[in-house]
Amino acid sequence: MITRRRFVGYSALGSSMLVYPPLMRSAFAQDAQRPVRLAILGSTYSLGSDLQTIADRFLVGYPFEGDWHKPNVQVVSLYVDERIRRASAASNEFQLALTGRASLRAQPQQQPHVQPGPSGGRRAHDERWEPMAPASEDQGLTGDLSAARAQQFGFRLCRNIPEALRCGGDRIAVDAVLVVVEQCREFPYPTNDKGQVLLPRYDFFGQCAQVFETEKRSVPYFNHKQLSFSFNEAQEMVKTAERLKFPLMSGSSMPVTWRLPDVDVPFGARVEEAVMVGVGGFDGRDFDALEAMQAMLERRKGGETGVKAVQLLQGDDVWAAVHAGRWSKDLLVSALSRSDTPLGLTLLDGRNQELVSNGALPQLVKDPAAYCVEYADGTKGTLLMLNGAIRDYNIAARIEGGETVSTQFFMAPAPNEGYSACLAAKIDAMYQTRAPQMPVQRALLTTGVLEACMNSRHRLNQRLETPQLGQSYQSSKESQYQRA
């Protein structure tokens, strides 16, 4: 859990700084007969949460390539931050007595001496606990599924992260870690003055890394979505994984989901510009869309060489930039043509509508946002959030010579959300082979781009130079999304 000191520090900082291989099991990594023992760490386990969507894939399986795939994974422990924060916020006996609400209760059993733990909960000095009670502790947390899942599937509910890695013992007792940190409904994490939700992904990682370093043993680690709200923290996470020599993978479902049509930027092609269109706000969907755009652009000739500047535009400034030719209208039209969810006249009477040339976009989209990314090699990338015009995510990229590549990132609707199965397959493959299936450098660079865009917004939408984002890496030649 993020501390008040860290929150104040980040707020002050914000004010002052204006190719998919088949699923296979490595014979030398895991015994084919023994499942990977998995620890799951997250912030909230409720219906429709990211944690529920992804964790359940490893509990019950998922449809994959025309079959039902059950990963060779056994979930053995679960830590849910919202449960612990709720317990920490509950009134103790002394507070109840002062308010006259103390009740006659049976005397509790003797417990070990405890002190505040790094995750905000309590931990014993030897960090060993009995499993948490399944039901009674969750009655005040609306919609929490963790106790029911633990009872059904027989894994351990834990009071802190080290316990989840050690399963109550004194040594690491898991083979892999899955981390899904998101905003909570009942006990939300704070937001800084730049509008960033201070999700404690770095804190979760740091506690795991400390256990790995203490015990001289580490295991594959997957972090859902961006590495951190802070690019500096994200860099430290990647460096720590390299130093301790454990596989680190991070990212979202959008870069690996199916594409309609099934196309990619040709490997080694010269890309001049890309325009991505989608929906959402400063809520995590912008990271997903930026990462999906990055997954295509990183295949260009010379590989990724970094980002030199960004700017986030909002409102009327977006339409002014359209008229000024800040990004290609032809690419915008091409990207929108891939949408299966056009709004406006299409909803009223079924008429197809070209949204750009007839001026319909400003009528439909009341609060547009444009994330403008200038790459070091001259390539331009723009993400347009067009709430009110469409409901899906599409991209168009212009290759040198005039060829246009355009496609839709297929995001199946809830509750199935089949795209998460594509991501689960990537995570599963990493656990089985101990080899990341996506470059962590992509998540690192996209994390930095998003933070820089939020800095631009905080500085009244200024264009910001980003020398810190001079990240170079080479993607795999084989496309990494799920082929149709």
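For the stretch 192-229, filtered to residues that are crowded, with 24+ Cβ neighbours inside 10 Å and among the hydroxyl-bearing types (Ser, Thr, Tyr), the residue that is farthest from PRO162 (Cα to Cα) is SER228. Based on what the data block shows, is PRO116 at pLDDT below 95 and of a type outside the set (D, E, K, R)? Yes: the conditions hold for PRO116. Scanning the stretch 281-312 for residues that are touching a strand residue (DSSP E or B) at 6+ places or on another chain (Cβ under 6 Å) and surrounded by fewer than 19 Cβ atoms within 10 Å (Cβ to Cβ) turns up LYS308, ALA309. Here SER456 does not fit the description of being surrounded by 17 or more Cβ atoms within 10 Å (Cβ to Cβ), in a helix (DSSP H, G or I) and at pLDDT below 95. Within the stretch 408-419, is even one residue out of contact with any Cys (no Cβ under 9 Å at 6 or more places or on another chain), part of a strand (DSSP E or B), more than 25 Å from GLN468 (Cβ to Cβ) and modelled with pLDDT of 95 or more? Within the stretch 408-419 (the criterion being out of contact with any Cys (no Cβ under 9 Å at 6 or more places or on another chain), part of a strand (DSSP E or B), more than 25 Å from GLN468 (Cβ to Cβ) and modelled with pLDDT of 95 or more), the answer is yes, since at least one residue qualifies.
For the stretch 161-191, a residue qualifies if it is surrounded by 17 or more Cβ atoms within 10 Å (Cβ to Cβ) and of a type in the set (D, E, K, R), and the qualifying residues are GLU163, ARG166, ASP175, GLU182. Remark: pairs (first residue in the stretch 31-59, not assigned by TED's automatic domain parsing to the domain that holds ILE427; second residue assigned to a loop (DSSP other than H, G, I, E, B) and of a type outside the set (Gly, Ala, Ser); Cβ separation under 9 Å; 6+ apart in sequence or on different chains) are absent.
Residue-wise test of (1) modelled with pLDDT under 95; (2) among the polar types (S, T, N, Q); (3) not assigned by TED's automatic domain parsing to the domain that holds GLY280.
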{"site": "SER334", "(1), (2), (3)": "no, yes, no"}
{"site": "LEU345", "(1), (2), (3)": "yes, no, no"}
{"site": "GLN353", "(1), (2), (3)": "yes, yes, no"}
{"site": "GLN363", "(1), (2), (3)": "yes, yes, no"}
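State which residue is modelled with the highest pLDDT when the search covers only the stretch 379-389 and only residues that are among the small types (Gly, Ala, Ser) and either surrounded by 21 or more Cβ atoms within 10 Å (Cβ to Cβ) or within 18 Å of LEU464 (Cβ to Cβ) (or both). Checked the stretch 379-389; the qualifying residue modelled with the highest pLDDT is GLY381.
The set of residues in the stretch 353-365 that are touching a Gly at 6+ places or on another chain (Cβ under 6 Å) and either part of a loop (DSSP other than H, G, I, E, B) or among the charged types (D, E, K, R) (or both) comprises GLN353, VAL365.
Identify the single condition in (1) closer than 23 Å to ALA396 by Cα; (2) not assigned by TED's automatic domain parsing to the domain that holds ALA309 that ALA424 does not satisfy, given that it satisfies every other one. Here ALA424 clears every test but (1). What are the residues in the stretch 430-461 that are among the polar types (S, T, N, Q) and touching a helix residue (DSSP H, G or I) at 6+ places or on another chain (Cβ under 6 Å), if any? Scanning the stretch 430-461 gives GLN437, THR446, THR447. Listed conditions (1) surrounded by fewer than 21 Cβ atoms within 10 Å (Cβ to Cβ); (2) part of a loop (DSSP other than H, G, I, E, B) are all met by GLN441, apart from (2). Only strands (runs of 3 or more DSSP E) whose full extent lies in the stretch 1-110 are considered here, and the ones with at least 1 residues that are at pLDDT 50 or above and exposed (fewer than 13 other Cβ atoms within 10 Å of the Cβ) are 62-64, 67-69. Checked against the criterion of being on the phi > 0 side of the Ramachandran plot and either surrounded by 20 or more Cβ atoms within 10 Å (Cβ to Cβ) or in contact with a helix residue (DSSP H, G or I) (Cβ under 7 Å, 6 or more places away or on another chain) (or both), the stretch 237-250 has no qualifying residue.
The values are calculated or read from the model by the stated rules, or taken from the named source; none is laboratory data. Because the structure is predicted, anything quoted here is derived from the model rather than measured. A quick note on method: Cβ atoms are made from the backbone with ideal geometry, for glycine too, and the neighbour counts reach across all protein chains shown.
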